[in-house]
1. Please give the contour-minus-distance gain from L35 to A7: 0.36 nm per residue of separation, less the Cα-Cα distance, rounded to one decimal in nm.
2. Report the full-extension gain for the segment L57 to N23: residue separation times 0.36 nm, less the Cα-Cα distance, to one decimal in nm.
3. Tally Lys/Arg at +1 and Asp/Glu at -1 over every other residue whose Cβ is under 14 Å from the Cβ of Q9; what's the total?
Amino acid sequence: MTDKVQAKQDLEFCSAELSKYQNLSRSGLTRMEMLTIDGIMIKLKERIKNLRLALHLQSEPALLHKDLKCKAPLIDPNLRRNLGKWST
C-alpha cells in the first residue's frame with residue numbers, strides 16, 4: 001500500500017515540475033538551454049506515463065488468458081509423459 005501512496009506523491013511532484021517547465025518563458029534562453037529544458041520535460045513526461053501505468057496496473061487484478069483458464073487443469077502431472085502436450 002505504501003508503494004501506491006509513494007507513486008501518487010511522485011506523480012503529483014512530476015506533474016507540478018512539468019507544469020513549471022511548460023510555463024517557463026523561453027524568450028531569453030539560448031538554444032542549448034532550450035534543448036536542456038526539452039530533455040528534462042521529455043524525461044518528466046516518460047516518468048509520469050510510467051507512474052500512471054504502474055498505478056493503473058496496481059488497481060486492476062491480473063487476468064489469465066482464456067486458453068490458460070480452460071487448459072491449465074488438464075496438464076498431466078506426470079512430467080515424463082507430458083512432453084509439452086495437453087492431456088485429453
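Read the figures in this text as sums done on the coordinates, not as results from a lab. Just so it is clear, the model here is predicted, and its values are computed rather than measured. Because the Cβ atoms are built from the backbone with ideal geometry, glycine has one as well, and the counts that use them run over all protein chains shown.
1. 7.3 nm
2. Extra length available between L57 and N23 comes to 9.2 nm.
3. Local net charge: 0.
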